[in-house]
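Everything on this sheet refers to the single structure shown next.
The values are calculated or read from the model by the stated rules, or taken from the named source; none is laboratory data. In this text, all values refer to a predicted model and were calculated from it rather than measured experimentally. Note that each Cβ is placed from the backbone with ideal geometry, even for glycine, and that neighbours are counted across all protein chains shown. Protein only, heavy atoms only, side chains kept; ligands, DNA and RNA dropped before computing areas. Shrake-Rupley method; radii C 1.70, N 1.55, O 1.52, S 1.80 Å.
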Amino acid sequence: MKATHFGAGNIGRGFIGLLLHQSGYHVEFVDVNEALLNELNKEKSYRVILANEEKQEFFVENVSGINSQQSPDEVVDSISTADIVTTAVGPHILKFVAPLIAEGLKKRKQLNGGHLNIIACENMVGGSSELQKHVLEKLNEEEKTWALEHIGFPNSAVDRIVPNQKNDRLLDVLVEPFHEWVIDSTQIKGQQPNVEEALFVNNLSAYIERKLFTVNTGHAATAYLGNLADFGTVAEAIANEAVKQDVLGTLKETGNVLVSKYGFNEDEHQAYINKIIGRFANPYIVDDVQRVGRAPIRKLGPKDRLVAPALEYLEEFKEVPEHLVKVIVAALRFVSEEDHESIDLKKMIEEKGAAGAFSEISGLALAHPLVKEVEKKI
């Protein structure tokens, strides 16, 4: 089996490439980083190291690289005969890889190739659908009709921390032990791809929201509360019992929303929360609270990790969530000289007051119960 994977960076090698290799694929990495690709083609393998006490190592073998700028025809050939195509290039790069993917599909059609699934493994909602839109724009009507019948673009949710790092060997990559790759089985064309450690589900939105309301909410809560308490890293912050209990309280509130909304098993979801807290506490992942807390205006938006679950909690249980309010207040107090958004937020609060700024950012009226409760606690 062969996988064509766009993106030979740390996430591509340390997460998606590793899982594809473990599922028996020869992985052809597509990228523009000449030094990285040259090393891949020379070594034909690399190491993935887990960020834990044991420093467990995995050797990823039977890999190669293609430079999409220098050898676009090789990329087209790779796609035309691939068993699966994946990406880990960043949301904004999808439109730039779409033309080559379209050319690969044209050749696949000429060769009477079978079904193919193309999965964007990006930190975004609906990544594969976004990629499909850009690819279809490059096809004529006949090709588009064929692609809609034969080519699946199942959306997915991915979760693995790959910290900033500098290794002695270029291809080595350090990753956290935890990983999750959830794929929408309802959007698959033909046979389900063989990816042994991926979870195929028919309700992807539930898992996307589970991650947003647990991992993203918990990470932000730890950063904002930790920052207020003068801790430097996420691991230091969560090691503090007061911060930890506030984060657990926050995730209990978001968990109640998820259990009620999607029917997750309560005990299983609590185990998931505990696993996430364990990830934050990993001393081998150095994550600065000021880095995690950046962009507070975006994170206080109506559809993001703090306000969205708070509103759903209020609607479902008819009361304002105490711990989420505490985190929202901590986010409003977040200031980092290296983050323009936090500086803008500080100016907004100076001009409008905390309640006025939060009302504008969240899109909620000043008289809304959530805004009133934030105003009381600020």
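Set the Förster radius R0 to 25 Å, insert the Cβ-Cβ distance between Ala35 and His92 as r into 1/(1 + (r/R0)^6), and round the FRET efficiency to 0.05.
Numbers: r = 23 Å, r/R0 = 0.91.
So the FRET efficiency works out to roughly 0.65.
Per residue Cα convex hull volume for the stretch 314-378, in cubic angstrom? Before the final figure, lay out the partial values.
Values: hull volume 5.4 nm³, N = 65.
Value for the stretch 314-378: 83 Å³ per residue.
In Å², what does the accessible area per residue of the stretch 64-185 work out to with a 1.4 Å probe? Please list the in-between numbers first.
Working: 5440 Å² over 122 residues.
That works out to 45 Å² per residue.
Work out from phi, with θ = phi - 60° and the Karplus expression 6.51 cos²θ - 1.76 cosθ + 1.60, the ³J(HN,Hα) of each residue of the stretch 69-82, listed in order in whole Hz, and give x for Gly and Pro.
Karplus-based 3J(HN,Hα) across the stretch 69-82 equals 7, 8, 9, x, 5, 5, 5, 4, 4, 4, 5, 5, 10, 6 Hz.
Simple spin-label model, 7 Å along Cα-to-Cβ: Val125 to Gln245 in nm?
Between Val125 and Gln245, the simple spin-label model gives 3.4 nm.
Taking 0.36 nm per residue of separation and subtracting the Cα-Cα distance, what length does fully extending Glu268 through Glu319 add? Each step should come with its number before you reach the end.
Details: separation 51, 0.36 × 51 = 18.36 nm, distance 2.49 nm.
The Glu268-Glu319 span can extend by a further 15.9 nm.
For Val286 paired with Ser185, estimate the spin-label separation in nm (one decimal), with each label point 7 Å from Cα along the Cα-to-Cβ line.
4.3 nm
What is the dipole size for the stretch 35-78, taken about its Cα centre, with +1 at each Lys and Arg Cβ and -1 at each Asp and Glu Cβ, in debye to the nearest 20? All intermediate terms of the calculation are to be shown ahead of the outcome.
Working: 4 positive and 9 negative charges, 21 e Å.
Roughly 100 debye, rounded to the nearest 20.
Just the number, please: carbon plus sulfur as a percent of the accessible area of the chain, 1.4 Å probe, no ligands or DNA/RNA counted. Walk me through the intermediate numbers first.
Details: 7990 of 17140 Å².
Carbon plus sulfur share of accessible area: 47 percent.
How much FRET efficiency would the formula 1/(1 + (r/R0)^6) give for Glu196 and Ala365, where r is the Cβ-Cβ distance and R0 is 45 Å, rounded to 0.05?
Numbers: r = 50 Å, r/R0 = 1.11.
The calculated FRET efficiency here is 0.35.
By how many nm would the segment from Asn203 to Asp168 grow when fully extended, if each residue of separation counts as 0.36 nm and the alpha-carbon distance is taken off? Before the final figure, lay out the partial values.
Details: separation 35, 0.36 × 35 = 12.60 nm, distance 4.20 nm.
Gain on extension, Asn203 to Asp168, equals 8.4 nm.
For every other residue with a beta carbon closer than 14 angstrom to the beta carbon of Glu337, add +1 if it is Lys or Arg and -1 if Asp or Glu, then tell me the sum.
Numbers: positive: Arg291, Arg294, Lys346, Lys347; negative: Asp288, Glu338, Asp339, Glu341, Asp344.
For residues surrounding Glu337, the net value is -1.
What accessible area per residue, rounded to a whole number of Å², is obtained for the stretch 191-316 using a probe radius of 1.4 Å?
Details: 5450 Å² over 126 residues.
That works out to 43 Å² for each residue.
Across the stretch 1-116, how many lysine pairs, 8 or more positions apart or on different chains, have C-alpha atoms separated by under 24 Å? Please give the number.
10
Tell me the GluC sites (Glu not before Pro) within the stretch 86-191 that lie in a loop according to DSSP and have at most 12 other beta-carbon atoms within 10 Å.
Numbers: sites: Glu103, Glu122, Glu130, Glu137, Glu141, Glu142, Glu143, Glu149, Glu180; in loops: Glu122, Glu137.
In loop regions of the stretch 86-191 (DSSP not H, G, I, E or B), the sparsely surrounded GluC sites (Glu not before Pro) are Glu137.
Determine Rg/Rh for the stretch 245-284; Rg is computed over alpha-carbon atoms and Rh is the Kirkwood hydrodynamic estimate from the same atoms. The partial results should precede the final answer.
Working: Rg = 10.8 Å, Rh = 10.6 Å.
Here the Rg-to-Rh quotient is 1.03.
Once phi is turned into θ = phi - 60°, what whole-Hz ³J(HN,Hα) does the Karplus curve with 6.51, -1.76 and 1.60 give for every residue of the stretch 97-109, x standing for Gly and Pro?
Using θ = phi - 60°, the values come out as 8, 4, x, 5, 4, 4, 5, x, 5, 4, 5, 4, 5 Hz.
Leaving out same-chain residues fewer than 8 places away, which lysines sit with a Cα under 20 Å from that of Lys211?
Lys244, Lys252, Lys261, Lys275, Lys299, Lys303
Could you sort Met124, Met1, Met348 by accessible area so the largest value comes first, with the probe set to 1.4 Å?
Numbers: Met124 55, Met1 110, Met348 35 Å².
My answer, sorted largest first, is Met1, Met124, Met348.
How would you classify the stretch 255-349 from its alpha-carbon gyration tensor, with a ≥ b ≥ c the square roots of the eigenvalues: rounded for a/c under 1.5, else prolate if a/b is greater than b/c, otherwise oblate?
On the way: a/c = 2.92, a/b = 1.32, b/c = 2.20.
Oblate.
What's the center-to-center distance, using Cα atoms, between the stretch 133-202 and the stretch 270-321 in Å?
Between the Cα centre of the stretch 133-202 and that of the stretch 270-321, the gap is 25 Å.
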